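First up is the structure itself, then whatever we jot down about it.
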Amino acid sequence: MQPLLDLDILPDPRVPGSGDPEGQDVDAPKAVGAEVDGTRRVYIETYGCQMNVADSEVVASVLTGEGYGLTLDAASADVILLNTCAIRENAEQKVRRRLAELRHDKRHRGRPMQLGVLGCMAERLRTKLLEEEKLVDLVVGPDAYRDLPRLLDANEGTGQAAVNVQLSREETYAEIAPVRYDTNGLSAFVSIMRGCDNMCAFCVVPFTRGRERSRPSDSILDEVKALVDAGYKEVTVLGQNVNSYRSGENGATVSFAELLYRVSLLSPELRIRYSTSHPKDCSDELLHVHRERTNVCNFIHLPVQHGSTEVLERMRRTYTRDEYLALIERARAIVPGVSFSTDLIAGFCGETEAEHAETLSLMDLVRYDHAFMFAYSERPQTYAARKFVDDVPEEVKKRRLTEIIDRQRAHGLESNRRDVGTTQVVLVEGPSKRSDAQLMGRTDTNKVVVFDRDDRVQKGDYARVRVVDCSSATLHGAFVETTTLAAG
């Protein structure tokens with residue numbers, strides 16, 4: 001799975017036009033990427049965000065440590081676990097359909113199989129899933145993965161549903177070495193914190209993942225160092241709001257900027273990305289790390305959510321339109337050539353045509369390279385669900401979302417056209433998804449480049465590629481030579 005930089009709570013599902021350049025269906029589930037022998041075989045299917053992918057790697061580690069095996073084949077599994085997302089109603093409905101399908105398979109397969117739901121949706125819908133709809137055998141929240149072996153044993157022994165959705169103020173899984181989820185062996189996610197203290201009006205994460213807590217920096221550095229030693233070339237450090245990372249150690253506080261700086265020193269050949277950022281916490285100190293450390297990618301996912309100060313206030317985003325634009329300008333002054341992506345919500349409660357127009361005008365001012373774009377979906381428990389009326393008609397939401405997508409598609413094409421004629425350093429990730437005759441990789445600014453195979457370059461190399469053409473989502477290039485990240 002490619003590293004994706006997503007919104008505040010990192011939802012992977014993308015609407016058409018937000019642009020997966022290689023045709024990747026990021027709304028589809030991802031199965032754990034390794035076969036591991038064990039007494040009972042577990043199939044893990046992950047929905048939603050990068051954080052969920054990282055969590056599934058922790059789950060795989062916990063279970064294999066207790067003798068379970070991993071399989072890529074659901075039909076052969078003794079245990080099937082769906083790691084779920086609660087960010088949008090569509091995500092929940094997709095999981096519900098999958099659960100019904102698996103429950104049907106379970107009744108007809110002729111041998112025992114345990115079915116469980118993990119993650120954000122599990123915590124929010126435990127009563128419905130277990131008692132009312134009886135869809136699953138166990139429900140496990142995002143802070144209870146260490147308890148999975150016991151819960152599986154209890155369910156197997158008694159036939160009674162097992163549940164642990166208790167949230168924690170301390171759990172970070174800091175010392176658990178994840179079983180890596182991706183299969184390319186080059187890019188990995190490293191979770192540096194859990195939970196969120198921002199109470200954005202539209203967001204359910206504080207209720208499903210709990211309060212914010214940070215991992216000790218030493219455990220993060222050890223994990224990244226192990227990845228470097230294993231040949232990984234890129235890490236994406238993850239948190240609901242990485243900019244608010246704080247770890248008190250030896251009488252001092254390690255900030256996110258300091259952590260990122262220390263990670264960058266581990267290897268000059270390791271690209272470092274992060275996701276996601278809240279604009280209120282994006283510091284000049286962090287921007288100077290981007291400028292000073294060449295292996296910290298000059299790409300920042302900076303979710304704005306909306307272009308209207310009035311809507312931002314209703315969303316409880318704690319910054320104004322002007323403050324956000326000033327941050328963009330300051331970042332561009334400190335980090336020449338920095339690239340931005342964002343998240344945009346169409347049709348939030350009470351949104352007028354004039355407020356929607358302010359989103360379009362902000363897009364024109366910033367001209368993002370990438371964006372993740374959504375129609376507002378009311379989530380239970382959130383401030384918006386309790387205080388506001390979801391009063392924008394669905395057809396209006398869809399029309400406004402289409403306008404946002406069209407605007408971003410134009411800006412993406414404009415940005416890519418500026419790269420035509422330039423030479424970019426690309427980390428080669430392997431064959432293009434559309435043709436084995438081509439390779440693909442990503443630039444420092446997270447743009448996908450596709451180019452014809454050449455015997456002089458292989459997966460895992462850094463390559464200089466001259467950009468010769470583009471679409472709104474993909475750069476098309478010609479291989480020049482291999483290089484190192486340090487040489488550029």
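With a/c under 1.5 counting as rounded, go ahead and sort the range 30-164 into rounded, prolate or oblate using the C-alpha gyration tensor (a ≥ b ≥ c being the square roots of the eigenvalues; past the cut-off, prolate if a/b is larger than b/c, else oblate). Here the range 30-164 falls in the rounded category.
Taking amide hydrogens as placed 1.01 Å from N in the peptide plane, the amide H of GLY430 sits under 5 Å from those of MET440, GLY460, each at least 5 positions away in sequence or on another chain.
Taken over the range 278-395, the alpha-carbon convex hull comes to 109 cubic angstrom per residue. In this structure the amide hydrogen of ALA162, modeled in the peptide plane, comes within under 5 Å of the amide hydrogens of LEU138, VAL139, none closer than 5 places in sequence on its chain. Between GLY307 and THR359, the built amide H atoms are under 5 Å apart, and every one of these is 5 or more places off in sequence or on another chain. What shape does the range 423-483 take by its C-alpha gyration tensor, where a ≥ b ≥ c are the square roots of the eigenvalues and a/c under 1.5 counts as rounded, a/b above b/c as prolate, and the rest as oblate? Rounded is the answer for the range 423-483, as its axis ratio a/c remains below 1.5.
Within the shell of other residues whose beta carbon sits under 12 angstrom from the beta carbon of VAL228, the net charge comes to -2, with Lys and Arg scored +1 and Asp and Glu -1. So what is the calculated 222 nm ellipticity per residue for the chain, using -39500 (n - 2.57) for each DSSP H run with n of 4 or more, over all residues, to the nearest 500 deg cm²/dmol? Computed mean residue ellipticity for the chain: -9500 deg cm²/dmol. Let's test the formula: R0 of 56 Å, r as the Cβ-Cβ distance of ALA226 and THR402. What FRET efficiency results, to the nearest 0.05? My answer for the efficiency is 0.80. Applying a 4.7 Å Cβ-Cβ cutoff to the chain leaves CYS49, CYS85, CYS120, CYS196, CYS282, CYS297, CYS349, CYS470 as cysteine residues with no disulfide-compatible partner.
Rounded to the nearest Hz, the phi-derived 3J(HN,Hα) couplings of the range 397-408 under the Karplus curve 6.51 cos²θ - 1.76 cosθ + 1.60 (θ = phi - 60°) are 4, 5, 5, 5, 4, 4, 5, 5, 4, 4, 5, 5, where x marks glycine and proline. Subtracting the Cα-Cα distance of ARG98 and LYS280 from their residue separation scaled by 0.36 nm leaves 61.7 nm. Taking only the Cα atoms of the chain, the radius of gyration and Dmax are 22.1, 66 Å. With a simple spin-label model that places each label point 7 Å from the Cα along the Cα-to-Cβ direction, the separation between THR484 and GLU353 comes to 6.0 nm.
Each peptide among 38-49, 113-124, 57-68 gets the average number of other Cβ atoms lying within 10 Å of its residues, and from highest to lowest they stand as 113-124, 38-49, 57-68. Pairs LYS225/LYS459; LYS225/LYS447; LYS280/LYS387; LYS94/LYS280; LYS94/LYS433; LYS106/LYS128: which exceed 28 Å Cα-Cα? Checking Cα-Cα distances, LYS94/LYS280 exceed 28 Å.
Across the range 138-146, rounded Karplus estimates of 3J(HN,Hα) from the backbone phi angles (6.51 cos²θ - 1.76 cosθ + 1.60, θ = phi - 60°) give 8, 10, 9, x, x, 9, 10, 5, 4 Hz, Gly and Pro being marked x. For the pair GLU66 and ASP322 in one chain, pulling the backbone fully straight at 0.36 nm per residue adds 86.9 nm over the alpha carbon distance. Across the chain, C-alpha contacts under 8 Å between residues 6 or more apart give a mean separation that, scaled by the residue count, equals a relative contact order of 13 percent.
Would you mind telling me the antiparallel percentage of the DSSP bridges in the chain, rounded to 5? Once the DSSP bridges in the chain are tallied, antiparallel ones form about 40 percent.
Bear in mind that the values in this text are calculations on the coordinates, not laboratory data. In this text, all values refer to a predicted model and were calculated from it rather than measured experimentally. Note that we place each Cβ from the backbone using ideal geometry, even for glycine, and neighbour counts take in every protein chain shown.
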